[in-house]
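Structure, as structure tokens:
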Amino acid sequence: MSGAAYDPTNVFARILKGELPAQKVYETAKVLAFMDIMPRADGHVLVIPKAPARNLLDIHPDDLSELARATQIVARGVKAGMGAEGLTVQQFNESAGGQVVFHIHVHILPRWTGVALRPHTGEMEKPEVLARHAETIRTAITAMQAGG
């Protein structure tokens, strides 16, 4: 356990409650994946459990299993949809570990040879760009699930 209490007003909890918008790419009863509004690469997606958990130290093993399953599905969709050559998958725990939002989340970043990740500047991507990338990734996930 991390020792700190889960804050139900964190930004991802607010997205789950419908209080803040998100460009969704994948959703089940247990998880939600959506575009990072400050992407470090085109097609940068976040995957979160719907269950409240600060990070890897706190999440129930069943919820972690669902998060891992969804991360794999979304990663395949991101790679295919964005035409990426590879992926970087990141998950941070506690402030000292780089965690900023205290609701467990996994970053999926499509990667291309010779293209560095953009720095995390706090600059938000244009909504229309996020919407276009989300549609591309959703389409890829749907095709994969249909066996295409």
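The values are calculated or read from the model by the stated rules, or taken from the named source; none is laboratory data. As the structure is a prediction and not an experimental result, all values here were calculated from the model. Using ideal geometry, Cβ is built from the backbone for each residue, glycine included, and neighbour counts are taken over all protein chains shown. In case anyone asks, the SASA skips ligands and DNA or RNA and just uses the protein heavy atoms, side chains included. Shrake-Rupley method; radii C 1.70, N 1.55, O 1.52, S 1.80 Å.
Couple of notes before you dig in:
- Members of region 1-38 found to be open to solvent by 60 Å² or more (accessible area, probe 1.4 Å) and part of a strand (DSSP E or B), listed by number: K24, E27
- Pick from region 117-148, criterion assigned to a loop (DSSP other than H, G, I, E, B) and among the hydrophobic types (A, V, I, L, M, F, W, C), ranking: nearest to G77 (Cα to Cα): A146
- Condition broken by G81, with the remaining ones in (1) of a type outside the set (A, V, I, L, M); (2) farther than 23 Å from Y6 by Cα; (3) out of contact with any Ser or Thr (no Cβ under 7 Å at 6 or more places or on another chain); (4) buried (at least 22 other Cβ atoms within 10 Å of the Cβ) satisfied: (3)
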